[in-house]
Protein chains: 2
Amino acid sequence: MQTSGTNPTDHPEGSEPSDDDIAAVMVAARAIVAITAQSVAALDDQVTLPQLRVLVMIASRGPLNLAAVAHGLDVHSSNATRVCDKLVTSGLLHRSDNPDDRRNLVLELTTAGRGLVDTMNRGRRAAIKDVLARMTSSRRRGLAPKLYSFAEAAGELPDTGAWALGWTTENPVRPPGG
Amino acid sequence: MQTSGTNPTDHPEGSEPSDDDIAAVMVAARAIVAITAQSVAALDDQVTLPQLRVLVMIASRGPLNLAAVAHGLDVHSSNATRVCDKLVTSGLLHRSDNPDDRRNLVLELTTAGRGLVDTMNRGRRAAIKDVLARMTSSRRRGLAPKLYSFAEAAGELPDTGAWALGWTTENPVRPPGG
DNA sequence: TGCAACCATTGCACTCCAGCACATAACTGG
DNA sequence: CCAGTTATGTGCTGGAGTGCAATGGTTGCA
């Protein structure tokens, strides 16, 4: 249970959120998830969902080894081997040996792999821009700081990569050699 | 195509969104998608993703026939048959004949099926409440109206990706007093 | 040197999903 | 009644993901 914090004593500054606050986030979440899902579905013919998760993970966390990928996806290491194998075959992932510890691999995105992730993010960004453009500037005013506050409360850092795809509750991943 | 709309003439009230506005939504989207993905992953051992998509679709649209399910999931009708078959076997879906047109089935959620969807939504709501509780009430003030405005603007999105991942869980966007 | 731990890979079996072709049943309109 | 359309079901094939067991290579340490 990581959902501690509902206890007001844990967060003296935050009073109990109103039902309307929660409902508003729920409704907005529906739109945001639809946008995100669409940007993912657009890549459906190029990569599968687990494959995309690998690419996004490496894009945001840097080079990883297979054990880290397996742990991040919460799957058996043999599956990580095969998923990454296909990404290498597709030319989206580069696999090389780690000279410091030859037990480990170094998995990095190729130019094509990074381009695919960038394409997804561009599409997502365009969709968001499109929605914002439908709002009047007065309604848009003050939205950004509120969203930053929400993201900060959720533990997200503004500069983190697009690991937001977060298909599951990803476990902490330790980079190879760490 | 209603995806246009970046054209200012289409929305004379909305000026060009700033990069900061877009970035704020992108950042908040990571947190929201993570919350949503978590609530989906929690059901991973009970239903697969296509199965959940069916349940969510019926939960929000009411009873459907197989053709509607196949169209909503954008799959061949034979796949819809088999996916629903498994849900019926799992006790989450109820299949009956339509007396008015016995070619059609009537697919409805069982009590267990609706309970599963409700469980997912409760988890999502709890996670959102947890995040909001971490914000000070001053930062939270005014957030809800902004989110309703955003959701309302997004309500005009093309529905192509609505069920792309089956994560649209609620009724059509309906801001209170809107 | 020997042993334990770690990493990656492969074989095997399984489930699920996907599309296609085809068959069956039911409705529609003549 | 007959032909055409619609809705659903079934057999088939293929692909992707998953876990388990076992193997081989590498490193670290006593």
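Table for the structure above
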item	result
Cα shape, region A:72-113, gyration tensor, a/c 1.5 rule	oblate
Modelled FRET efficiency - R0 35 Å, A:Ser78 with B:Arg122, Cβ distances, 0.05 increments	0.50
Averaged over A:37-45, number of beta-carbon atoms from partner chains that fall within 10 Å	4
Diffusion constant of region B:1-151 at 20 °C, which comes from Stokes-Einstein with the Kirkwood Cα-pair radius and 1.002 mPa s, µm²/s	116
Exposure proxy ranking, count of Cβ atoms within 10 Å, fewest first, for B:Tyr148, A:Tyr148	A:Tyr148, B:Tyr148
Ranking of A:His71, B:His71 by count of other Cβ atoms within 10 Å, fewest first	B:His71, A:His71
At R0 = 45 Å, FRET efficiency that the Cβ-Cβ distance of A:Arg102 and B:Asp101 yields, to 0.05	0.10
Teacher prompt: A:Arg95 distances to equivalent labels in other copies, 7 Å Cα→Cβ, nm	4.0
Ordering of A:93-101, B:121-129 by packing [mean C-beta count within 10 Å, highest first]	B:121-129, A:93-101
Ascending list, in nanometres, of distances separating the A:Val75 label from those of the other copies (7 Å, Cα toward Cβ)	1.8
Residue exposure sequence - A:Ile22, B:Ile58 - by fewest surrounding Cβ within 10 Å	A:Ile22, B:Ile58
Nm distances between copies for A:Pro145, ranked from closest, using label points 7 Å along Cα→Cβ	1.5
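Only the coordinates and a few stated rules stand behind these numbers; no lab work does. Because the structure is predicted, anything quoted here is derived from the model rather than measured. Cβ: placed from backbone, ideal geometry, glycine included. Neighbour counts: every protein chain shown.
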